[in-house]
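Novice: Below are the structure tokens for one structure; questions will follow.
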């Protein structure tokens, strides 16, 4: 019964939760035997069901068994976290204290549901520490399953667990097929014996096509015998795959693709890693085994030579088996990148072909997509103007820099990142150039400054950074005629006006009416730049206002226009430092010293001058990094006075 407000389950919940563990007989029997492994059983006896003979399924093991508290804790709980509760390894029972711990199969506790593949309900009898308990487990009507305690006994010796079906089951899988399925996975450790109907599972139960044997010579130490179990298809678990080392019919360490010296023989995630199992018998290594049988003495010469010989034999075997797939991989890569390869010159194409062949042959387990990624990079490098300069730079980078580059490429594409970096580089170079020229009182060509300010509107504030701020030649013509400026420089640079003591640039942004048509000027920026040494006072402010007045009178701007005039010089007179407001607030005249302008530019670049002082583009320009990041100093007063006069 479920209490009011309790959680209800559909009958199909358990089928979805356990998946193939319940629906696939091969998966189910493997999961049940894996549970025996995790209980550190050394013997597992299975009675295979035969409905015609009235024989029900049963699996019995001599593992560590469970108390009632342990059974309730793991069997009743959905998604029982075995690793969190019991750890990744299984310690042996007391009578096997000299045996090595085992790596556990179980992860989420779903393997126990495999018994439902053979019976509903089924009975579990488990005993340890002198007590025995028997339970009935059946699929529930309003919850995934129900558990009922049938009986308990005390003064029971030993330990183990037996799962029994309550009735004979008719299955499509035969006992011989079950032996093959278990033999593919549980023959690595000779001390873990599995029997079906009294017959031990052995190599003889495996199909001839799945079993291969070869000898590996290790002179002068001896000969290692290697048995290869080929599952022909990748298996969902990696636990029993890899290389298993046996010495005197005892397993050393655990099977796997990572050797005892932590070197990786094969990537455990690949299809081949989930397909093959190599069982190596090398009794001549007895003196190399550590006392706890967890590993070999990695410094022993016999072990080192044997390991190298066996690993080479493993690679050669996998390479021979996967030769056909490698040809398919090469063909797929050639086909996918053919359009790019055709752009390469013949010599580069030969290099590329050799590279693909060598990678695929040297790494037989590498996938076509992985080869394609690397080969695609190589092809693009051959075509690129920079060739392998990028590879050289990557080679010189530290691991931390490579990680940061990887993160940049995750967050940005290369083109976008280059646009951003180009803009930063351009602005930092601009600041450096302004910093140099505005601090040089000997600068004669004022016209050289105005082109710099053409690219410096962003310094004045974010509102002047819009892309639609452009030089206004019509206004420049008015000022030229007003001041009679006919110097040669002004003809060469019609976007601004060169005056005797400085230059003036006009930058405007259009105003649009309700029909989205241009209707005058919305914003006007006047940038008046005085010669180095000029002090900004009332006279200079008046000049800026005179320019705007002329534009108003000639109808070039009207009451819809907001105008800002920046008057820049070496210094600002203390009595004229405030902003001047004209034309009912529509015109603002702001005096600004070059020091302030440079400081504002640096601030708007968020202090990047300091952070990027070692940037290659600054070093290439011959910039003194330390001098470059120093704030601009004040021009000496006597020199200012001399220039002003």
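Novice: Tell me yes or no: at least one residue of region 62-80 is within 18 Å of residue 32 (Cβ to Cβ), touching a residue at least 60 places away in the same chain (Cβ under 8 Å) and assigned to a helix (DSSP H, G or I).
Specialist: Yes, that holds for at least one residue.
Novice: Looking at region 66-104 only, could you name the residues that are modelled with pLDDT of 80 or more and in contact with a helix residue (DSSP H, G or I) (Cβ under 8 Å, 6 or more places away or on another chain)?
Specialist: The answer is 66, 73, 74, 75, 90, 102.
Novice: Now for a different question. From 264, 342, grab the single residue that is over 30 Å from residue 380 (Cα atoms) and not assigned by TED's automatic domain parsing to the domain that holds residue 42.
Specialist: Testing whether each residue is over 30 Å from residue 380 (Cα atoms) and not assigned by TED's automatic domain parsing to the domain that holds residue 42 leaves just 264.
Novice: Of all residues in region 265-289, which are without any contact (Cβ under 8 Å) to a residue 60 or more places away in the chain and out of contact with any strand residue (DSSP E or B) (no Cβ under 7 Å at 6 or more places or on another chain)?
Specialist: 268, 269, 274, 287
Novice: I'd like to check which helices (runs of 4 or more DSSP H) are fully inside region 457-575 and have at least 2 residues that are in the same structural domain as residue 587 (by TED's automatic domain parsing) and modelled with pLDDT of 75 or more.
Specialist: Per the criteria, 457-460, 538-553.
Novice: Of the conditions (1) buried (at least 17 other Cβ atoms within 10 Å of the Cβ); (2) at positive phi, residue 189 satisfies every one except a single condition; which number is it?
Specialist: (2)
Novice: Moving to a separate point now. For region 152-228, which strands (runs of 3 or more DSSP E) that fit wholly inside it have 1 or more residues that are farther than 27 Å from residue 125 by Cβ and in the same structural domain as residue 312 (by TED's automatic domain parsing)?
Specialist: Of the strands (runs of 3 or more DSSP E) lying wholly inside region 152-228, those with at least 1 residues that are farther than 27 Å from residue 125 by Cβ and in the same structural domain as residue 312 (by TED's automatic domain parsing) span 211-218.
Novice: Related question: Of these, 314, 371, 360, which one is in contact with a helix residue (DSSP H, G or I) (Cβ under 6 Å, 6 or more places away or on another chain), crowded, with 16+ Cβ neighbours inside 10 Å and either modelled with pLDDT of 80 or more or outside any helix (DSSP H, G or I) (or both)?
Specialist: Result: 371 is the single residue among 314, 371, 360 that is in contact with a helix residue (DSSP H, G or I) (Cβ under 6 Å, 6 or more places away or on another chain), crowded, with 16+ Cβ neighbours inside 10 Å and either modelled with pLDDT of 80 or more or outside any helix (DSSP H, G or I) (or both).
The values are calculated or read from the model by the stated rules, or taken from the named source; none is laboratory data. Given the structure is predicted, the values throughout are model-derived calculations rather than measurements. All Cβ positions, glycine included, derive from the backbone under ideal geometry; neighbour counts span all protein chains shown.
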